[in-house]
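Notes follow the structure.
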Amino acid sequence: MQRPEIPKPQPKPEPAPAAAPAATAAARPAAGGQTARPTPSGTGQATPRRNEPARGAAPSRDRKGDDRRQSGKLTVTRALGDDGARSRSLAALKRAREKEKRGFGGPREPQVKQVRDVQVPEAITVQELANRMAEKGADLVKTLFKMGMPVTMTQTIDQDTAELLVTEFGHNIVRVSDSDIDLALDTTEDSAEALRPRPPVVTIMGHVDHGKTSLLDALRGTDVVRGEAGGITQHIGAYQVTMKDKSQITFLDTPGHEAFSEMRARGADVTDIVILAVAADDGLMPQTIEAIHHTRAAGKPMIVAINKVDKHEANPQRIRERLLEHDVQVEEMGGETQDVEVSALKKTGLQELIEKIQLQAELLELQANPDRAAEGSVIEAKLDKGRGPVATVLVRRGTLKVGDVFVVGAESGKVRALIDDKGRQVKQAGPSTPVEVLGLSGVPMAGDPLQVVESEARAREVAEYRQGVLLQKRTTQAPASLESMFSALKSKQAIEYPLVVKADTQGSVEAIVGSLNKISTDDIRVRILHSGVGGITESDVTLAAASGAPIIGFNTRPNAKAREIAERNKVALKYYDVIYTLTDDIRAGMAGTLGPEAFETVVGRAEIREVFSAGKHGKAAGLLVVEGIIRKALKARITRNDVIIYQGEIASLRRFKDDVPEVRAGLECGVTFTQNFTDIKAGDFLETYEVELRDRTL
């Protein structure tokens, strides 16, 4: 079948060559100011415009073909009359020119593949490996699929698989372990020329209410005691005191309560000299002895401050003698440990104490290099409502400046502000200086080391690695054994007492959780659902509501939304500011959960000698009361070969034919039992007992 021929459009007649100059001349303005139209024949007669009606003809109303609205410009093409030809765009001309250039240049040479050294950690995602190799992630996924490993871009692969991929794509592998990411502690010693003298760090330790904070107040000339709940220190305070001779001493005040033993241990770790405060009227107490052990374990020199010597019943000599029991020999007893009698209340003996501190510091020759990247230890950390996470840091060496990027524990940050112990903003903090650091990503643990690093990317990398290690520790299960399985079963039998704990500082959280875990018994144990630093939030209340747990707020309060949710879900919010009260209340609450404890007392015991028929179906027993009293009103049980076969009550108790309320030892009687119990044999024993319900104490 032949295709029908389509008629070709007839080309327009081209103007004669001689018409071009004439057209150009005609296009110029005439003398009269009118522009003559170009004529194809050069005769000078004006040619009507396209779609324009001839002179004298009626105007056409059909505007379908009128393109004047689209383009009214006079172009060279239109002037020459080539209206049908379509002009090429600039982009098309540019492409044609580039194609022409490529043709002259010959065929392109293939680019040489760039070989990279790819660092591969113990675990890495496919996308991250592709980025390090500068390859397409899809290509890696295809290669793994061919290897028989259908994975996605976000899936993690191990180091061996990553090595296969790197080799497959022609790159060099550099294997690194995750531990290489972490910061190593800089143990290099500074040169002697760079070292400068630094103030001594002095920790005051001792038992509760032995005058540690009052002694520090006397040394500082300020009053910290008034601001403390219940008269006890709940946080580590760090203060720098300038003496009359312009020398400085940094003091750390640790709590004396037993719950804060971990905090006290950390205090002994960062300190140079320990002052052991002992009340002259009270003697050595458990926390005093514990402080001696911490000091000895840390290998720090100790100065004994015998406080409260102004009291009438004070006996400093007895304190010195008692210290000998724990291998602490003061100078007066022929030893090397310095001691001084002070009274924080009367401000006596303070100058002598300062002199002894300075003397001890001179012997230690304390020095540090201030011209290096700062290193320090977190003394305390908390979440401040207005300022965010705040850490009290004691700088050990180097100088911490505003703007420094650092890693502290599993958190990172950039120093936004430094605040000294007097509340003033400072630009930098040298060795042995305690400062509050603002600009952390989260609340670190008290005792965490702080290290300044070169960049924020490095700080984040180290912090993420450490967070991963902590998460792995929490989630990794211990290997199962028979002992662990049995202990797990036993622990599940105990009643759980769930709690949510929020406190103002990290040290307080640790102390509270430690104290509550000590309360636990075999019958009931504390289960901490969540513990953290900061105010009580909506998520805390939601968690507590789901498990029916009360929320413990230690120096913290809930926000309005959290309070509203707590009221709606009837979640108990308990607020405390003294740790004694908190532990006592929880102990009482746990005892109440267990209910009263039943104490059983055996009142009488009798031997069944004979068994008689009583009525149609019942049986009566003839007894000889062996010990105590058989009383009708009490509970009774029958034992056979020390196995209980009946527990209930005595229906009737008779002596001869009379009903009696009780029968004493050495006498005979007859009894019948409730529930028509008839399985009685001669030789069984009857016991009567009473049960007393007492409030349980843990």
### Message
Below 8 Å between Cα atoms, with a sequence gap of 6+, how large is the relative contact order for the range 338-468 in percent?
### Response
26
### Gained length - THR152 relative to GLN675, 0.36 nm times residue gap less alpha-carbon distance
181.0 nm
### Query
For LEU543, what accessible area in Å² do you get when you roll a 1.4 Å probe over the heavy atoms of the protein chains, rounding to the nearest 10?
70
### Query
Residue separation times 0.36 nm, minus the C-alpha to C-alpha distance between VAL174 and ARG664: what's the value?
167.1 nm
### Query
Sorted by accessible area with a 1.4 angstrom probe, largest first, how do TYR575, TYR646, TYR239 fall?
TYR575, TYR239, TYR646
#### Entry: Residue-normalised accessible area of the range 582-647, given per residue in Å² at a 1.4 Å probe
55
### Query
If you take the charge dipole of the range 372-427 about its Cα centre, with +1 on Lys and Arg Cβ and -1 on Asp and Glu Cβ, which of GLY413, VAL426, ALA373 is farthest toward its positive end?
VAL426
### Summary
Percent relative contact order for the range 587-698, counting Cα pairs under 8 Å at least six residues apart, stands at 40
### Query
Roughly speaking, what is the stretch gain from LYS246 to ASP523, that is 0.36 nm per residue apart minus the C-alpha to C-alpha distance, in nm to one decimal?
93.8 nm
### Query
For the range 577-698, what % of the accessible area comes from carbon and sulfur atoms, probe 1.4 Å?
47
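The values are calculated or read from the model by the stated rules, or taken from the named source; none is laboratory data. This structure is a prediction, so every number in the text was calculated from the model and none was measured. Because the Cβ atoms are built from the backbone with ideal geometry, glycine has one as well, and the counts that use them run over all protein chains shown. Quick note on the areas: whole protein, heavy atoms, side chains included, nothing else; ligands and nucleic acids left out. Shrake-Rupley method; radii C 1.70, N 1.55, O 1.52, S 1.80 Å.
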